[in-house]
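Since the structure comes first, as structure tokens, the remarks are kept for the end.
The values are calculated or read from the model by the stated rules, or taken from the named source; none is laboratory data. For clarity, every value in this text was computed on a predicted model and none was experimentally measured. Every residue, glycine as well, gets a Cβ built from its backbone with ideal geometry; the counts of neighbours run over all protein chains shown.
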Amino acid sequence: MSESPLWSPTSERVAQTLMARFMAATGHRDYAALHRWSVEHSEDFWKEVWDFAGVRGTRGARTLVDGDRMPGAKWFPEARLNFAENLLRDRDGSDAIVFWGEERVRRRLSWNDLHDLVSRLSQALRAAGVAKAGYLPNLPEGVAAMLATASIGAIWSSCSPDFGIQGVLDRFGQIAPKVFFCADGYLYGGKEFDSTEKAKAILAGLPGAPRCVTVPYTGSGAVVGESLEVLLAPFNPVRRVASPCPTPGRERWSASHWRSCSPRSTRAPSRSSRWSSIIRSTSCTHRAPRACPNASSTGPAARCYST
């Protein structure tokens, strides 16, 4: 007995997909031809992917190095880009984040809302230090804090508020965060859990007495350290502008970047893909990996790399 598919897209819908558009842009009529071309002409394929995706940054002179080695191949080894800049390219009123905290909390953030929140956070974090840690549920503010951290080239490390105290210290102790984000509590299985006492214990065990910022979620009103509103109060949203950005050894290129409403610039630096910010985000409970011996938490942009 033959089985028919539960659903098949119409030809009109197929023609509207990004894959169909990419095949048309590269002159391939079907997926098999596209796949064969991607294998036989890998450098040309990846150049087309970069351009088609509209990646913001500098691609560099080399596209693929040691393409026949796996592992060992390197794509765009000279590329320079900023993760947050690429994710925040949209500026409009459409939905960027639709958040449901079980059945109790529902929120929507537009791209304009998210951009402004990330902008204010990036200014606040730049003023406060380098490494940042998030002891947060899956909140829009957690996404914004991660993007703000990436925008300035710093380290972001996060874990769920159901982590035990020692598990959090094992992870965050490696980077000695300058700012520690927590929530007043979290929701699970229809129940509300307070996380302020655990946050206080974690703060007491972290080196360097980090600045603590509480993100309101459950509405308990409990604040450890200071509220998010207090952190953001001195900073205004910034606007994106186009400005020439020199790249050593190559032509000047135009890139959107951050500029504060005041004369002081708060541009998000483009970092080499090799020196990109470290983002650890997981809900598992195993011990965090050993800290990179070359990681810096004091320089202008924390870096971790292998030698």
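In this structure, is R80 within 25 Å of S157 (Cα to Cα), crowded, with 19+ Cβ neighbours inside 10 Å and not assigned by TED's automatic domain parsing to the domain that holds V179?
On the way: within 25 Å of S157 (Cα to Cα): yes; crowded, with 19+ Cβ neighbours inside 10 Å: yes; not assigned by TED's automatic domain parsing to the domain that holds V179: yes.
The answer is yes for R80.
When segment 26-53 is filtered for residues that are loosely packed, with under 12 Cβ neighbours inside 10 Å, farther than 17 Å from W75 by Cβ and of a type in the set (G, A, S), the ones remaining, listed by number, are G27, A32. Of the set (1) over 17 Å from T218 (Cβ atoms); (2) of a type in the set (F, W, Y); (3) buried (at least 19 other Cβ atoms within 10 Å of the Cβ), all apply to Y186 but (1).
Residues considered: G60, G67. Of these, the only one that is in a loop (DSSP other than H, G, I, E, B), surrounded by 14 or more Cβ atoms within 10 Å (Cβ to Cβ) and in contact with a Lys or Arg (Cβ under 8 Å, 6 or more places away or on another chain) is G60.
Consider F163 carefully, then state whether it is among the aromatic types (F, W, Y), surrounded by fewer than 24 Cβ atoms within 10 Å (Cβ to Cβ) and in the same structural domain as Y217 (by TED's automatic domain parsing). If you could, list the steps in order and put the result at the bottom.
Values: among the aromatic types (F, W, Y): yes; surrounded by fewer than 24 Cβ atoms within 10 Å (Cβ to Cβ): yes; in the same structural domain as Y217 (by TED's automatic domain parsing): yes.
In short, yes.
For N86, state whether it is in contact with a Gly (Cβ under 7 Å, 6 or more places away or on another chain) and either hydroxyl-bearing (S, T, Y) or touching a residue at least 12 places away in the same chain (Cβ under 8 Å) (or both). When the stated conditions are applied, N86 does not pass them.
If the condition is being basic (K, R) and surrounded by 11 or more Cβ atoms within 10 Å (Cβ to Cβ), then segment 9-25 contributes only R21. Consider segment 116-139 and keep the residues that are closer than 13 Å to C212 by Cα and without any contact (Cβ under 8 Å) to a residue 60 or more places away in the chain. The one that is surrounded by the fewest Cβ atoms within 10 Å (Cβ to Cβ) is L125.
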